[in-house]
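Peer 1: Before anything else, here's the structure in question.
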Amino acid sequence: MITLFVGFGFLIGILFGFFGMGGSFLVTPALLVLEYPANVAVGSGLAFVFGTSVIGALKHRDHGQVDYRLAALMTVGMTLGIELGKRVVFLLEALGSADLVISVAYVGLLAAVGVFTLWDSRTEVDESGSDLAGRVHSIHIPPTVSLVGGNAVSVWIVLAVGGAIGVLSGLLGVGGGFLLMPAMVYGLGVPTAVAVGTDILQITVSGAYGAFVYAQAGSVALPVVGSLLAGSALGARIGAGATKLVDEGAIKGYFAAMLLAGSLSVGANELGGRLGIEALGTVSIGLVFGATVLVSTAIVFAAICALRHDGAGSWCRLVSS
């Protein structure tokens, strides 16, 4: 199991550095599938978020892909939200319904964000000029903060978005990246590469807080977290470097694929448990680990193609599409 988690951590590290997510959107479902208690899966996911985000944040800083003011405001909002989300988890645990609620929430959120991102990756829409971002920029409630790219947004809107994502982060055991990155891109009009780097910096702080409060309750599996971090140290640097080589449309497409795979995995596991169909549990495990292997491999291959300027090759055309 340690070898499995080290290898899984390496692949998640690639995805983390590439997407700006701590990987808990895969770690927590994987631990649920492997039948860890819900509170341990959530706490371990947040602990992994903190450890791996430090590595990626340093790499994205080197690329100049961080909006520090936006990250600071998001961190404040998410820290408050995580505390509320944590209280909800332990209330549900006491009621005996935590596993079902967390699983259903995962399926719905991952599927919704994944479908929207996949649709957007197939259309030619300027993020900064999207209707939602335009409406957000038109709300002038002082004070405001200037974003990388030239737009300005109300501080209160940023705090509200961060707080809402923080509640979900504390409830689901995620760093919030799979929600925060789309929120910054589509809601605030932040360029995708900058959203990834800013997301990682913010996750470093909120993930540390989330891991701390769950560790206090004894809900962190340290051997699992340590094994995952050992593998992710190298993978995160590879993934972060790939963001400089792969175009934004491809980033969104890969991102959507991972979210949809996570949604299907948790859904299959929950359905299999309810109906007593063991085969669905096997399908669930295959989806989590299989999608991680395929997408991380595709990212590395796409980056190699970009370095070689070999976009005309048949394999490169397949990966980029």
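The values are calculated or read from the model by the stated rules, or taken from the named source; none is laboratory data. Values in this document were obtained by computation on a predicted structure and should not be read as measured data. Virtual Cβ from ideal backbone geometry, glycine too; neighbours counted across all protein chains shown. Side chains are part of the model used for accessible areas, which takes the heavy atoms of the whole protein and leaves out ligands, DNA and RNA. Shrake-Rupley method; radii C 1.70, N 1.55, O 1.52, S 1.80 Å.
Peer 1: Quick check on T144: is it open to solvent by 40 Å² or more (accessible area, probe 1.4 Å) and modelled with pLDDT of 80 or more?
Peer 2: Judged against the criteria, T144 is a match.
Peer 1: Restricting attention to the stretch 294-310, which residues are open to solvent by 30 Å² or more (accessible area, probe 1.4 Å) and touching a helix residue (DSSP H, G or I) at 6+ places or on another chain (Cβ under 6 Å)?
Peer 2: Those that are open to solvent by 30 Å² or more (accessible area, probe 1.4 Å) and touching a helix residue (DSSP H, G or I) at 6+ places or on another chain (Cβ under 6 Å): F301, D310.
Peer 1: Any chance the stretch 282-289 includes a residue that's farther than 16 Å from L31 by Cα and hydrophobic (A, V, I, L, M, F, W, C)?
Peer 2: no
Peer 1: Next question. Does Y254 qualify as being under 20 Å from A112 (Cα atoms) and assigned to a helix (DSSP H, G or I)?
Peer 2: yes
Peer 1: Please specify each residue of the stretch 179-195 satisfying the condition of being within 13 Å of A160 (Cα to Cα) and open to solvent by 20 Å² or more (accessible area, probe 1.4 Å).
Peer 2: A183
Peer 1: Can you confirm whether L32 is within 17 Å of E270 (Cβ to Cβ) and open to solvent by less than 60 Å² (accessible area, probe 1.4 Å)?
Peer 2: Yes.
Peer 1: Out of G262, G226, G239, G290, which single residue is surrounded by fewer than 19 Cβ atoms within 10 Å (Cβ to Cβ), closer than 29 Å to F116 by Cα and not aromatic (F, W, Y)?
Peer 2: G290
Yes/no matrix, rows are residues, columns are (1) outside any helix (DSSP H, G or I); (2) within 13 Å of the chain's Cα centre (by Cα); (3) modelled with pLDDT of 80 or more:
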site: V194; (1), (2), (3): no, no, yes
site: A230; (1), (2), (3): no, no, yes
site: A233; (1), (2), (3): no, no, no
site: R237; (1), (2), (3): no, no, no
site: G241; (1), (2), (3): no, no, no
site: G249; (1), (2), (3): no, no, no
site: M258; (1), (2), (3): no, yes, no
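Peer 1: Quick one: in the stretch 270-321, which of the residues that are at pLDDT 80 or above and among the hydroxyl-bearing types (S, T, Y) is farthest from G235 (Cα to Cα)?
Peer 2: Per the stated criteria, the residue is T297.
Condition check ((1) among the aromatic types (F, W, Y); (2) open to solvent by less than 10 Å² (accessible area, probe 1.4 Å); (3) out of contact with any helix residue (DSSP H, G or I) (no Cβ under 6 Å at 6 or more places or on another chain); (4) closer than 23 Å to V220 by Cα) across all residues:
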| position | (1), (2), (3), (4) |
| --- | --- |
| R61 | no, no, yes, no |
| R69 | no, no, yes, no |
| M78 | no, yes, no, yes |
| G81 | no, yes, no, yes |
| G85 | no, yes, no, yes |
| L92 | no, no, no, yes |
| G96 | no, no, yes, yes |
| L109 | no, no, yes, no |
| A112 | no, no, yes, no |
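Peer 1: OK, next. Go through (1) open to solvent by 40 Å² or more (accessible area, probe 1.4 Å); (2) farther than 18 Å from A41 by Cβ; (3) out of contact with any Lys or Arg (no Cβ under 6 Å at 6 or more places or on another chain) one by one and return the number of the condition G273 breaks.
Peer 2: All conditions pass for G273, except number (2).
Peer 1: Okay, moving on. Taking the stretch 147-173 only, how many residues are modelled with pLDDT of 85 or more and over 30 Å from V40 (Cβ atoms)?
Peer 2: Number satisfying all stated conditions: 7.
Peer 1: If G129 passes every condition in (1) at pLDDT below 75; (2) open to solvent by less than 30 Å² (accessible area, probe 1.4 Å) but one, which one does it miss?
Peer 2: (2)
Peer 1: Looking at the stretch 14-21, is at least one residue farther than 30 Å from S146 by Cα, part of a helix (DSSP H, G or I) and at pLDDT 80 or above?
Peer 2: Taking every residue of the stretch 14-21 in turn, at least one turns out to be farther than 30 Å from S146 by Cα, part of a helix (DSSP H, G or I) and at pLDDT 80 or above.
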